[in-house]
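Derivation of every value follows stated rules applied to the coordinates shown; laboratory data play no part. Given the structure is predicted, the values throughout are model-derived calculations rather than measurements. In this analysis, Cβ positions are derived from the backbone assuming ideal geometry, glycine residues included, and neighbour counts consider all displayed protein chains.
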Amino acid sequence: MNYFLYKNNQLHCEEVAIQEIAAQVGTPFYLYSKATLRRHFQAFDSAFTAPHITCFAAKSCSNIAILNLFSSLGGGADIVSGGELFRALTAGVDPQKIVYSGVGKSRDELKYGLESGILMFNVESEQELDALQEVAASLGVQAPVSFRVNPDVDPQTHAYISTGLAKNKFGIPIADAPAAYQRAAAMANIEVKGVSCHIGSQLTQVSPFVESLAKVKKFIHRLHKSGCPIKYLDLGGGLGITYDDEEPPAPLDYARALEAELGDLGCTLILEPGRVIVGNAGILVTKVLYTKQGGKKFTIVDAGMNDLARPSLYGAHHTILPVEERGQGREMGDVVGPICETGDFLARDKEVPLSRQNDLLAVMSAGAYGFSMASNYNSRPRVAEVLVDGAKFHVIRRRETLESLIAGEMIP
């Protein structure tokens, strides 16, 4: 459920007409519903009865106002860079609810995580373990670690967001993991705390999650028998949402299936939802600049692939709605942006609103991997981010200026 609804033929976010926001903020902009964010987080978090920490995947939507909201609801953060750690700490996230994933952590990033007192590093290679031991020794501390094990499970999702197959770059093959844990346990500045597993994103079935958990559970029992107690089991994220006609499981069904498989393992669960929380809580609002009829109908808008990369990158579908519903109907065609690339489109060969100049369009389900993947390609300033809270709205990120594009550059 989300709070983007038509009232008197005008699309609203909660109690605010989107047209009013556009008049004050300009277009394009990302728009988030605080009520939807809160509702989705609480629906996911409360679905689990086992001891757990819900660590929001910061990469999906990293604005500090949103991270702060989830922190206020008891959440933590799953991070993959030093920049995301900085954002999480700035937003007030408890360091003991931060887990640090990613295959390429630098020594400086490892040091930053240790000095910040985070809960755990999800180590993804033995060379990373060696680097972490060296950094921790230089600081005179113990580094809390889990290994991300790769269970070789097909998540049945897009190849670019599959992470749990043997051919993917993530984690350590589960067959090699016992030796890695044995090495780690013998290191003076390493504290083994957990096991981590993440198989992919936008999964619309529970069965791959259960299959991977079954493999990881057997592995944890093996570690326990070898004298290596495990306190935390990080199951990652990946639960999908409805973009078009997908029917993903509800968080409650997902939680019940996992807890049934988990049994009495005795570990605290770490969960890393991202898209399922923010995906349908955010939209991209854009204005029609021109329309033209070429080999097909083109609706040219002021948002492009630099603002929302998913359609160009993944061929992803985003439903597009008119902000003002005046019975204009829909037509087949493309919604394209100003970028000098044929791959610059928000919809291609889709049924889209029949539009005219200056109409506002809402690109739905854009809260996850929307702004966080935006760029300055074609020297375009990144757009504003706006958060609606009931009858009020707040700009939570100002639109970049032309001057900001060259900040840090210099002519020698």
Cα-Cα separations in the range 261-403 greater than 28 Å, expressed as whole percent: 25 percent
Selected from His394, His40, His318 as most flexible by GNM, with the chain as the system and alpha-carbon contacts under 10 Å: His394
Over the chain: Kirkwood hydrodynamic radius from C-alpha pairwise inverse distances, Å: 22.4 Å
Amide H contacts under 5 Å for Arg382, placed H, 5+ residues apart: Glu400
Whole-Hz ³J(HN,Hα) from phi, Karplus 6.51 cos²θ - 1.76 cosθ + 1.60, for the range 2-10, glycine and proline x: 9, 10, 9, 9, 7, 9, 6, 6, 10
Percent RCO, i.e. relative contact order, over the chain, from Cα pairs under 8 Å lying at least 6 residues apart: 19 percent
Cα-based Rg of the range 34-276 normalised by 2.2 N^0.38 Å, two decimals: 0.95
Rounded to the nearest 20 debye, dipole of the range 254-302 from Cβ charges on Lys, Arg, Asp, Glu: 740 debye
Sorted largest first, extent of the range 1-66 alpha carbons per principal axis (Å): 46, 25, 13
Residue exposure sequence - Ile64, Ile18 - by fewest surrounding Cβ within 10 Å: Ile64, Ile18
Charge dipole (debye, nearest 20) of the range 34-276; +1 at Cβ of Lys and Arg, -1 at Cβ of Asp and Glu: 360 debye
For Val206, Val99, Val301, order by how many other beta-carbon atoms lie within 10 Å, fewest first: Val206, Val99, Val301
Scattering curve values for the range 255-308, log₁₀ I(q)/I(0), Debye with Cα scatterers, q = 0.20, 0.21, 0.32 Å⁻¹: -0.89, -0.93, -1.20
Rounded tilt (10° steps) of 126-139 against the dominant C-alpha axis of the chain: 80 degrees
Mean ellipticity per residue at 222 nm, deg cm²/dmol - from DSSP H runs of n ≥ 4 across the chain, formula -39500 (n - 2.57): -8000 deg cm²/dmol
Cα centre as origin, Lys/Arg/Asp/Glu Cβ charges: the chain dipole, Debye: 120 debye
5 angstrom amide H check on Val323, placed H, neighbours 5+ away: Leu360, Leu361, Ala362
Between helix 107-116 and the chain: long-axis angle, C-alpha atoms, 0 to 90°, nearest 10: 80 degrees
